[in-house]
Ligand SMILES: CC(C)(COP(=O)(O)OP(=O)(O)OC[C@H]1O[C@@H](n2cnc3c(N)ncnc32)[C@H](O)[C@@H]1OP(=O)(O)O)[C@@H](O)C(=O)NCCC(=O)NCCS
């Protein structure tokens, strides 16, 4: 819960939420999201959106990680970073580590990733992680390109 300030800083940036549409009102809102959305994933499903820090300086850059979507019975890869840290390969590096965690540690069969067709940087990250485009669908009222990756270790 001490990370509420970091979550607020991230989601208060209009560039960061341009394609995610989940701007935050205030610190109470950030605490609510941590309490009801982010932290339950750690406890219930052994996955979660994790804070990402630079090893060299311990600066907070954003978050990345898996989320179980019960309605779809899917594990979703997601990420977002403060704009000062974009374009340095951090999103791809952390996303690949999260896929590795999902497949090797959690032994998940399949992981999906979604981004709006206009969110070129995010689509590129999914591609660079070796995920494959499977179609475009409407999710929460917005078009999303969906990508998937199957666990290479579980393939027959
Ligand atoms: C999407 C996001 C996580 C990417 O982070 P990042 O650290 O810049 O990603 P990386 O540096 O690992 O890779 C970005 C890739 O996209 C490319 N890219 C970025 N903007 C682009 C654009 N406008 N057009 C084409 N390619 C673009 C980069 O060149 C790079 O590809 P390359 O390595 O082949 O050159 C970051 O922009 C972000 O946090 N956005 C706001 C939140 C968000 O939209 N999250 C995703 C929701 S689905």
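Mind telling me which of 81, 19, 90 comes out most flexible in a GNM of the chain, alpha-carbon contacts under 10 Å?
Evaluated over the chain, the most mobile residue of the options is 19.
What number, in percent, do you get for the relative contact order of the chain if the mean sequence gap of Cα pairs under 8 Å and at least 6 apart is divided by its residue count?
15
Semi-axes of the equivalent ellipsoid for the stretch 25-156, please: Cα gyration tensor eigenvalues, times 5, square-rooted, ordered largest first, whole Å.
Listed largest to smallest, the semi-axes of the stretch 25-156 are 22, 18, 18 Å.
Could you work out the relative contact order of the stretch 1-65, using alpha carbon pairs under 8 angstrom and six or more residues apart, expressed as a whole percent?
Working: 58 pairs, mean separation 15.3, N = 65.
About 24 percent, as a whole number.
Quick one: angle between helix 90-100 and the longest Cα principal axis of the chain, in degrees between 0 and 90, rounded to 10, please.
Helix 90-100 and the main axis of the chain meet at about 50 degrees.
Okay, helix-only estimate at 222 nm for the chain: each DSSP H run of n ≥ 4 adds -39500 (n - 2.57), divide by all residues, round to 500 deg cm²/dmol; what do you get?
-7500 deg cm²/dmol
Please work out the ratio of the alpha-carbon Rg of the stretch 85-156 to 2.2 N^0.38 Å and round it to two decimals.
Working: Rg = 12.8 Å, N = 72, 2.2 N^0.38 = 11.2 Å.
Normalised Rg, Cα atoms only: 1.14.
Pulled fully out, how much extra length does the chain show between residue 138 and residue 86, if you take 0.36 nm times their separation in residues and subtract their Cα-Cα distance?
Roughly 16.1 nm would be gained on extension.
Averaging sequence separations of C-alpha pairs under 8 Å and six or more residues apart, then dividing by the length of the stretch 52-120, give the relative contact order as a whole percent.
28
Between the alpha-carbon centers of the stretch 43-99 and the stretch 130-156, tell me the distance in whole angstrom.
With the stretch 43-99 and the stretch 130-156 each reduced to a Cα centre, they are spaced 17 Å.
Readers should treat all values here as calculations from the given coordinates under stated rules, not as data from a laboratory. Here the structure is a predicted model, which means the values were calculated and not measured.
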